[in-house]
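Right, one structure below, let's go through it.
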Amino acid sequence: MLDNYQRDINYLRISITDRCNLRCRYCMPKEGLSQIGHDDILRYEEILRVVRSSVSLGVAKVRITGGEPLVRRGIVPFVAALKALAGIEDLSLTTNGILLERCAADLFQAGIRRINVSLDSLNPDKYHDITRGGSLADVLRGIAAVYDQGFSPIKINVVAIKGFNDDELLDFARLTLENPYQVRFIELMPLGHPGRDNLGKYLASEAIMGAIANKYSLSPVNGEGARMDGPAKMYRIEGGRGEIGFISPVSHHFCHLCNRLRLTADGKLRACLLSDEETDLKTPLRTGCTDSALATLIKEAIAGKPRKHEVRFDGPSLRKCVKNMSAIGG
Ligand code: SAM
Ligand code: SF4
């Protein structure tokens, strides 16, 4: 379905839980967030109803995210149920990778092939520090497990953080020499609870790319203009098996390309990550709304999708987006 600015809204990101087994410093406070009550989390059947309705309006890509999606019980049958829905051409999952080793075979069996793993340091102590307790070895075993299963593509998402992992940019880039991974650097957004703390730690994609290009020759994946993979601009080190991507929500906002809707764990539909406008779907779902009433609500949310976000990352309107990434799903 086209929105009011001729963007084809075909991508739904679903946060299936706001809970997480890590506490990344840039995403969550140490003590975690006040969690949504168990009854307020959408049940899988309710999510599936929203997905069916969205698919009838043109959604063809679905990503499962969180919080940490692999901590929610029943995720494997949920993936299988999504996989069985006609009309979904692209099903993917974003995870921190901690529980991935033990879930990889079941997830593959359930039908998922595309996976994003978030990993901000290749140094065990630094990883432990940024995640407030996570084990790098668990994540590396998870990545190896999805590789062995045959998942493809495997994307490794690295949030670039000044003073934290700016000395590891080449190490991450080198991962693409031997492995067919897509390593994607994401600019740190000053959002939610740790928002202001994040402000001074932002690194622009240009700087990251420059640091890598000083050492390796980077070629755009598609010849002249680098291939866009969603919002990521893709490059390759000559001879490397993988690719390197740059996602620049701060330095180059990509609102004009935005094809996304987001369903939060508590059943709110968001048309823009950076706007707190939400459409409540949980109440209608629980008070017996018809399929056509549900579709109307989704259409209204699409119609209300702003042309671009109004958050100024450098100052006064930062407070506008108060929800945390873990509640929205990134
Ligand atoms: N827990 C899962 C994970 O970490 O992959 C899925 C949810 S997490 C909110 C999704 C993505 O958002 C992760 O790649 C994470 O690094 C990213 N993220 C969280 N806070 C961010 C911020 N302030 N700026 C940029 N990316 C952020
Ligand atoms: Fe959890 Fe992902 Fe947020 Fe880290 S980025 S605290 S893993 S939700």
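Number of residues in segment 250-261 that are surrounded by fewer than 22 Cβ atoms within 10 Å (Cβ to Cβ) and under 15 Å from Leu57 (Cβ atoms) equals 2.
Residues checked against (1) in contact (Cβ under 8 Å) with a residue 60 or more places away in the chain; (2) of a type in the set (A, V, I, L, M, F, W, C):
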{"position": "Met1", "(1), (2)": "yes, yes"}
{"position": "Arg25", "(1), (2)": "yes, no"}
{"position": "Leu33", "(1), (2)": "yes, yes"}
{"position": "Glu68", "(1), (2)": "no, no"}
{"position": "Phe78", "(1), (2)": "yes, yes"}
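Screening Ile14, Ile47 for residues that are within 15 Å of ligand 1 (Cβ to nearest atom), surrounded by 14 or more Cβ atoms within 10 Å (Cβ to Cβ) and not in a loop (DSSP other than H, G, I, E, B) leaves exactly one candidate, Ile14.
Let's see how each residue does on (1) modelled with pLDDT under 95; (2) outside any helix (DSSP H, G or I); (3) within 28 Å of His128 (Cβ to Cβ); (4) within 16 Å of ligand 1 (Cβ to nearest atom):
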position: Asp18; (1), (2), (3), (4): yes, yes, yes, yes
position: Met28; (1), (2), (3), (4): yes, yes, yes, yes
position: Gln35; (1), (2), (3), (4): yes, yes, yes, yes
position: Arg52; (1), (2), (3), (4): no, no, no, no
position: Val55; (1), (2), (3), (4): no, no, no, no
position: Val76; (1), (2), (3), (4): no, no, no, no
position: Gly97; (1), (2), (3), (4): no, yes, yes, yes
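Summed over segment 271-288, residues that are surrounded by 17 or more Cβ atoms within 10 Å (Cβ to Cβ) and modelled with pLDDT of 95 or more total 4.
Residues are listed down the side, and each one gets a yes or a no for (1) away from ligand 2 (no atom under 15 Å from the Cβ); (2) crowded, with 20+ Cβ neighbours inside 10 Å; (3) outside any helix (DSSP H, G or I):
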site	(1), (2), (3)
Arg174	yes, no, no
Leu177	yes, no, no
Pro180	yes, no, yes
Pro190	no, yes, yes
Glu206	yes, no, no
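For the residues Leu107, Leu93, Leu82, Leu100, the requirement of being in contact with a Pro (Cβ under 7 Å, 6 or more places away or on another chain) and surrounded by 14 or more Cβ atoms within 10 Å (Cβ to Cβ) singles out Leu93.
A quick yes/no check of all residues on (1) in contact with a helix residue (DSSP H, G or I) (Cβ under 8 Å, 6 or more places away or on another chain); (2) away from ligand 1 (no atom under 13 Å from the Cβ); (3) at pLDDT 95 or above; (4) part of a helix (DSSP H, G or I):
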{"position": "Ala105", "(1), (2), (3), (4)": "yes, yes, yes, yes"}
{"position": "Val117", "(1), (2), (3), (4)": "yes, no, yes, no"}
{"position": "Lys126", "(1), (2), (3), (4)": "no, yes, yes, yes"}
{"position": "Asp129", "(1), (2), (3), (4)": "no, yes, yes, yes"}
{"position": "Val139", "(1), (2), (3), (4)": "yes, no, yes, yes"}
{"position": "Ile143", "(1), (2), (3), (4)": "yes, no, yes, yes"}
{"position": "Asp148", "(1), (2), (3), (4)": "yes, yes, yes, yes"}
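When Cys27 is tested against (1) out of contact with any helix residue (DSSP H, G or I) (no Cβ under 6 Å at 6 or more places or on another chain); (2) over 27 Å from Thr296 (Cβ atoms); (3) crowded, with 18+ Cβ neighbours inside 10 Å, exactly one condition is not met: (1). The conditions of being closer than 27 Å to Leu169 by Cα and either buried (at least 20 other Cβ atoms within 10 Å of the Cβ) or polar (S, T, N, Q) (or both) are met by Lys233.
Going by what's in this entry, would Ile64 be described as crowded, with 18+ Cβ neighbours inside 10 Å, in contact (Cβ under 8 Å) with a residue 12 or more places away in the chain and either under 26 Å from Val139 (Cα atoms) or within 15 Å of ligand 1 (Cβ to nearest atom) (or both)? Yes.
Name the residue that is nearest to Ile156 (Cα to Cα), counting only residues in segment 78-95 that are small (Gly, Ala, Ser) and not in a helix (DSSP H, G or I).
Residues of segment 78-95 small (Gly, Ala, Ser): 80-81, 84, 86-87, 92.
Filter again for not in a helix (DSSP H, G or I), leaving 84, 86-87, 92.
On the way: Ala84: 27, Ala86: 28, Gly87: 27, Ser92: 13 Å.
Only one residue tops the list, namely Ser92.
Every residue in segment 55-103 that is among the acidic types (Asp, Glu) and more than 15 Å from ligand 2 (Cβ to nearest atom), please.
Pass one, segment 55-103, residues among the acidic types (Asp, Glu): 68, 89-90, 101.
The answer is Glu89, Asp90, Glu101.
The residues of segment 66-103 that are touching a helix residue (DSSP H, G or I) at 6+ places or on another chain (Cβ under 9 Å), under 30 Å from Leu2 (Cβ atoms) and among the polar types (S, T, N, Q) amount to a single one, Thr94.
The values are calculated or read from the model by the stated rules, or taken from the named source; none is laboratory data. Bear in mind the structure is a predicted one, so any value in this text is a computation, not a measurement. Don't worry about glycine lacking a Cβ; one is built from the backbone with ideal geometry, like all the others, and counts go over all protein chains shown.
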